[in-house]
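Only the coordinates and a few stated rules stand behind these numbers; no lab work does. Because the structure is a prediction, the values reported are computed rather than measured. For neighbour counting, all protein chains shown are included, and Cβ atoms are generated from backbone atoms with ideal geometry for every residue, glycine included.
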Amino acid sequence: MKTSKSGLVIILGLLLVVCGCVWLKADDGRVEVAIEVAETWLALVDQGEYDESWQTAADYFRTAVERDQWHRTMTAGRKPLGEVESRELLEANYRSRLAGAPDGHYVVIRFKTSFSKKVDSEETVTPMLDPDGQWRVSGYFFK
């Protein structure tokens, strides 16, 4: 059977559509949603709203860290860095497994952040899919 050039283009187009749909289904936009959740949550931390950031965090986070402990940690460690001057997304990767955490749906997000009192810093925010189907932050580290 002889296939014309237009037939090959149609077949190639269909393959791209099928592969694209599989890719979209595999991702389902969860990385983008997780980035939005992380940025919204970071805005609370940036404003010194540590209690509210704890309250809106994932169940896993709130079970691991008591509210007062979180507030003290942020006041002692994050507040001295000063105001955020810039924050640039470095990478965001979906994971179903993380060391020391139960299997689930996570997105590990790294930001290059410049604070007024610490120019070269990095933040890692890890949203997870909570049992109620909502993405919430389950981990936060800065260095």
query: For segment 18-143, what is the charge dipole size about the Cα centre, in debye to the nearest 20, if Lys and Arg each add +1 at the Cβ and Asp and Glu each add -1 at the Cβ?
result: 400
- line: Contact order relative to length for segment 47-134, counting C-alpha pairs under 8 Å separated by 6 or more residues, stands in percent at 23
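Are there GluC sites (Glu not before Pro) in segment 52-127 that DSSP puts in a loop and that have at most 12 other Cβ atoms within 10 Å, and which ones? Don't jump to the answer; show the numbers that get you there.
On the way: sites: E52, E66, E83, E85, E88, E91, E122, E123; in loops: E66, E83.
Listed in order of number, the matching sites are E66, E83.
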- prompt: Hey, got the Cα dimensions of segment 29-96 along the principal axes, in Å, largest first?
  reply: 34, 31, 16
- prompt: Near K118, which aspartates and glutamates are there with a Cα under 16 Å away, not counting those fewer than 8 places off in the same chain?
  reply: D46, E83, E85, E88
field: Mean-position separation - Cα centroids, segment 27-75 and segment 81-142, in angstrom
entry: 9
